[in-house]
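J.: Supplied in structure tokens, the structure appears directly below.
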Amino acid sequence: MLRILTLTSGLLLVAVLNHFFSISSWAQLPQSLSRQEDRKSQNQRLLAQADSREKSAAGNTASNESEKNLKNNPVYATALLNKAREELLSYRSIRTHITEKVEIGPKTFIITGNYLQAKDLKQGKELKLRLEFQVQSQNPDGKPVGTVLEICDGQVLWTEHTIKGTSRVTRRDVQAILQQAEVNPQAQTNILVAQLGLGGLPGLLAAIQKNMNFVSVAERTISGKTLTVLNGTWKEEFLAQWKGGDPAAPVELPAYVPDAVRVYLDQETLFPRRIVYLKKTGDSLQSMVSLNFSKVTLNSPIPETEFAYEPPDGVFPVDVTKQYLQQLNKE
């Protein structure tokens, strides 16, 4: 299976310390229409109920939120997400601060970091990325519990996880992945898989779009700014892996895997200003991971040195390019 580490999956990895959230390609198991419709209805009802719960979980930041114009329109919601993903790839550069709150079981982690993205206008296809964040330490020595560093110079994407002083590094050749996708450029799935290989925000939105159905669109006002809200839940293909080979089996997702997602888009730029993952608790959904982007600066110069990387001494990188190429060949 293709294991794809996205922005949020890395955050969960650091937060849980011994788990990570993977998005893969799984066999499609048949589901009856009635069962699918029952699940869709239940998910829509839970998403509607989650509004007040999410406000309480988010604290003062969300206390002045108000939602309006809720519409069940999957086609429009999917089109907006697709457009937002395309816009991310069109900017000359992106610089933003990241603040994340992760609540898994009784533990709460606050994660902070920065994200940089730049496009090489001469080469056209080379997307440069730098993502770095850390779990705020609760230890007396002030050291972070874990860190994630993701850097791409336009050719190779490096991902470095450090947990309790132990580092693991992977690399992937993003140009090889993009070139393979161009063999069949009309296949939307191939394009998404290629963008998954890019990492960063484009990879995160590609993962969301590939694995989730978006059922509704709404507006929400946060701190005086109105954002477009997209509500999504897992596709049946994603849920099938938790059925143990039995299509009729109920789905019980692990504690570290969310049940739904809510994406908040800037109405002018379609930039994802906030992404909230929700976990089912009884008959309601509660905030599990809230990812917020602030101090967003678009199309300003970023030094080339920000995208340079060398693995730590004694750490041997694992090349995962082949996994992406194999997935592209299957589509």
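J.: Considering only residues of the stretch 100-140 that are at pLDDT below 75 and more than 25 Å from residue 256 (Cα to Cα), which is nearest to the chain's Cα centre (by Cα)?
T.: Among those that are at pLDDT below 75 and more than 25 Å from residue 256 (Cα to Cα), it is 125.
To keep it simple, each residue is scored yes or no on (1) part of a strand (DSSP E or B); (2) surrounded by 12 or more Cβ atoms within 10 Å (Cβ to Cβ); (3) touching an Asp or Glu at 6+ places or on another chain (Cβ under 8 Å); (4) touching a residue at least 40 places away in the same chain (Cβ under 8 Å).
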site: 247; (1), (2), (3), (4): no, yes, no, yes
site: 285; (1), (2), (3), (4): yes, yes, yes, yes
site: 293; (1), (2), (3), (4): yes, yes, no, yes
site: 302; (1), (2), (3), (4): no, yes, no, yes
site: 310; (1), (2), (3), (4): no, no, no, no
site: 323; (1), (2), (3), (4): no, yes, no, yes
site: 326; (1), (2), (3), (4): no, yes, no, yes
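J.: With respect to the numbered conditions (1) part of a loop (DSSP other than H, G, I, E, B); (2) in contact with a Phe, Trp or Tyr (Cβ under 6 Å, 6 or more places away or on another chain), which one is the sole condition not fulfilled by residue 273?
T.: In the conditions (1) part of a loop (DSSP other than H, G, I, E, B); (2) in contact with a Phe, Trp or Tyr (Cβ under 6 Å, 6 or more places away or on another chain), residue 273 misses (1) alone.
J.: Among the residues of the stretch 300-312, write down those that are under 13 Å from residue 160 (Cβ atoms) and among the charged types (D, E, K, R).
T.: Residue satisfying the conditions is 310 alone.
J.: Separate question: Of all residues in the stretch 222-240, which are closer than 20 Å to residue 73 by Cα and part of a strand (DSSP E or B)?
T.: 226, 227, 228, 229, 230, 231, 232, 233, 234
J.: A further question follows. Going by the conditions given, is residue 252 within 30 Å of residue 178 (Cβ to Cβ) and either free of Cβ contacts under 8 Å to residues at least 40 places away in the same chain or assigned to a helix (DSSP H, G or I) (or both)?
T.: Taking the combined requirement at face value, the residue does not satisfy it.
Table: residues versus (1) in contact with a strand residue (DSSP E or B) (Cβ under 9 Å, 6 or more places away or on another chain); (2) of a type in the set (Asp, Glu); (3) under 26 Å from residue 169 (Cα atoms).
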{"residue": "280", "(1), (2), (3)": "yes, no, no"}
{"residue": "285", "(1), (2), (3)": "yes, no, no"}
{"residue": "305", "(1), (2), (3)": "no, no, yes"}
{"residue": "318", "(1), (2), (3)": "yes, no, yes"}
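The values are calculated or read from the model by the stated rules, or taken from the named source; none is laboratory data. Since this is a predicted model, take the numbers as computed values, not measurements. Virtual Cβ from ideal backbone geometry, glycine too; neighbours counted across all protein chains shown.
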